[in-house]
Amino acid sequence: LREMPKATSHDDPRLPEVGRYNGGQKILFMVLLASMGLLLLSGIVIWRSYFSAYFPIGVIRLAAVVHALAAFVLVCSIIGHVYAAIFWVTGSMGAMTRGFVTPGWAWRHHRAWFRENIRAANPRTRAD
């Protein structure tokens, strides 16, 4: 998160090396996970045919607002993710549709992950 200004200005050479998932991907995962958890919990509270008798009307109304806000955050996060994949990070859409990335793309965007995979693919034998 400290390097967010460099990432948004495409100052790639000054960014720290990242592994398989960068900071934005990790934040997106946590936001989606929290949104889905809130949707599940608030959905149970507002599910009238089964659970409405267990909660007072104030809690049901609050759960309805939480449900709507969590859904809004979830949809906006997905739209932002699609935008980043198509327009912001060149080559991402092709990687998602083909299932692989070029070595140059991996080196530029996920350098630590690239080095890890190169080491795994080409293990060096020690001359001891």
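The values are calculated or read from the model by the stated rules, or taken from the named source; none is laboratory data. As the structure is a prediction and not an experimental result, all values here were calculated from the model. So basically every Cβ, Gly included, is an ideal-geometry build from the backbone, and we count neighbours across all protein chains shown. Note: accessible area is taken over every heavy atom of the protein model, side chains too, but ligands, DNA and RNA are not part of it. Shrake-Rupley method; radii C 1.70, N 1.55, O 1.52, S 1.80 Å.
Overview of results
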item: Residue tally, condition under 27 Å from Val101 (Cα atoms) and not in a helix (DSSP H, G or I), over the stretch 40-90; result: 2
item: Residues of the stretch 34-56 that turn out to be open to solvent by 90 Å² or more (accessible area, probe 1.4 Å) and aliphatic (A, V, I, L, M), as a count; result: 4
item: Inter-residue pairs, beta-carbon under 7 Å, first over 21 Å from Val75 (Cβ atoms) and in the stretch 35-56, second among the β-branched types (Val, Ile, Thr) and open to solvent by less than 90 Å² (accessible area, probe 1.4 Å), 6+ apart; result: Phe51/Ile44; Phe51/Val45; Ser52/Ile60; Phe55/Val45
item: The stretch 88-116, subset within 16 Å of the chain's Cα centre (by Cα) and open to solvent by 90 Å² or more (accessible area, probe 1.4 Å), residue modelled with the highest pLDDT; result: Met96
